[in-house]
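Note sheet for the following structure.
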Amino acid sequence: MRILHTMLRVGDLQRSVDFYTKVIGMQLLRTSDNPEYQYTLAFLGFGSNPEHAEIELTYNYGVSSYDMGTAYGHLAIGVPDAAAAVERIRAAGGTVTREAGPVKGGTTVIAFVQDPDGYKVELIERADGAGGVGLS
């Protein structure tokens, strides 16, 4: 078994696609519109299934925002250099909510950014940069 994708509901599909492609560095892999049931899907990632997990953005016609709730935490992306990724994301207009630095109680360097719908994205510094293509 493996994770195929994570679905996030978004209030403005193009705004979210722009964030994940232009700011984070993912690729738009495919889209699917279903007017009969009033939703559009966009799949993004650093590669496609089955080699890579993807993010599925779901836009429900006419819904511009969602209540975040308290159960959701964050997405995590491996990057070769968290500080450099933060600066690139900031320069591209992204919102940084935690600067790069060691995790509390450990030595792993992390940072957090926030997408336009309020979802948190953790950047985890890894020597192999696993999953962080485009964020160096």
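The values are calculated or read from the model by the stated rules, or taken from the named source; none is laboratory data. On a predicted model such as this, the values are computed, not experimentally measured, just so you know. Glycine also receives a Cβ, built like all others from the backbone with ideal geometry; neighbour counts cover every protein chain displayed. Note: areas computed on protein heavy atoms with side chains; ligands, DNA, RNA excluded. Shrake-Rupley method; radii C 1.70, N 1.55, O 1.52, S 1.80 Å.
Test GLY106 against the criterion of being out of contact with any helix residue (DSSP H, G or I) (no Cβ under 7 Å at 6 or more places or on another chain), free of Cβ contacts under 8 Å to residues at least 24 places away in the same chain and open to solvent by less than 70 Å² (accessible area, probe 1.4 Å), and give yes or no.
Spelling it out, GLY106 is indeed out of contact with any helix residue (DSSP H, G or I) (no Cβ under 7 Å at 6 or more places or on another chain), free of Cβ contacts under 8 Å to residues at least 24 places away in the same chain and open to solvent by less than 70 Å² (accessible area, probe 1.4 Å).
Yes or no: the stretch 38-52 includes at least one residue that is modelled with pLDDT of 95 or more, among the charged types (D, E, K, R) and open to solvent by 80 Å² or more (accessible area, probe 1.4 Å).
no
Restricting attention to the stretch 1-47, which residues are within 15 Å of ALA76 (Cα to Cα) and touching a Phe, Trp or Tyr at 6+ places or on another chain (Cβ under 8 Å)?
Those that are within 15 Å of ALA76 (Cα to Cα) and touching a Phe, Trp or Tyr at 6+ places or on another chain (Cβ under 8 Å): HIS5, LEU8, GLY25, MET26, LEU44.
Return the residues of the stretch 53-73 that are surrounded by fewer than 17 Cβ atoms within 10 Å (Cβ to Cβ), of a type in the set (A, V, I, L, M) and over 17 Å from PRO116 (Cα atoms); say none if nothing qualifies.
Within the stretch 53-73, ALA71 is the sole residue that qualifies.
Among the residues of the stretch 85-99, what is the count of those that are of a type outside the set (Ser, Thr, Tyr) and open to solvent by 40 Å² or more (accessible area, probe 1.4 Å)? Steps first, please.
Step one: filter the stretch 85-99 for residues of a type outside the set (Ser, Thr, Tyr), giving 85-94, 96, 98-99.
If we keep only those that are open to solvent by 40 Å² or more (accessible area, probe 1.4 Å) as well, we get 87-88, 90-93, 98-99.
Summing the residues that are of a type outside the set (Ser, Thr, Tyr) and open to solvent by 40 Å² or more (accessible area, probe 1.4 Å) in the stretch 85-99 gives 8.
If ALA85 satisfies every condition in (1) without any contact (Cβ under 8 Å) to a residue 24 or more places away in the chain; (2) closer than 19 Å to PRO116 by Cβ but one, which is the exception?
(1)
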